[in-house]
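One structure is given here, and the rest of the page talks about it.
Every read-out reported here was derived from the displayed coordinates using simple, explicitly stated rules and does not represent laboratory data. The structure displayed is predicted, hence computed values, not measured ones. So basically every Cβ, Gly included, is an ideal-geometry build from the backbone, and we count neighbours across all protein chains shown.
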Amino acid sequence: MKEKTASELATINQNKLYDMGVPTPIVQAFIQNPTFNPHEQTLLVGHLASMAGVADRKYFIENAAGATTESVAVFLRVRAQLINLYNEKVTPVAGFVSTGGVPLMMTKTGVLVGVFPLDYVAWTVAFAQRETAASNAIEAMQGIKGKEFWLPEPSTR
């Protein structure tokens, strides 16, 4: 990665996103988001690209395209890494679903899983609104056999 220019990395990332089936407007919004430095962007795309056969990765990229701070960009990259590890070591993921703008995983066994690299959660008005939107979207989904919320220990990140 060090031997590639930012432009070359953007082209590589763009092509990987297209290979994942991410629509052009979402790809362009993500690639052009100045919040992500080329390194973080490449790592995030790489983790999602290695999840071959996982449907609707577009929901994760669409969410990432809206990142407005560097800390959110890093959070999303680490989240992609943990999701990839979950897929490899815990349970295979069938695809992503969008729950009120928050992308979650659906396992091949029908369990909806959220993996978040958090040490703590502050229950703010904004967080409560996102949680309500996600909960409402989940309630409207059919065929969910379970729900899990994973907060990995800091040593696993």
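Antiparallel as a % of all DSSP beta bridges within the stretch 6-156, to the nearest 5?
Rounded to the nearest five, the antiparallel share is 55 percent.
Would you mind telling me which residue in ALA80, ALA137, ALA126 has the biggest mean-square fluctuation in a Gaussian network model of the chain, where springs connect alpha carbons within a distance under 10 angstrom?
ALA126
Considering the Cα trace of the stretch 6-156, what is its radius of gyration and what is Dmax, both in angstroms?
14.9, 43
Which loop-located chymotrypsin sites (Phe, Trp or Tyr not before Pro) does the stretch 98-157 contain, where loop means any DSSP state but H, G, I, E or B and the Cβ has at most 16 other Cβ atoms within 10 Å?
Listed in order of number, the matching sites are TYR120, TRP123.
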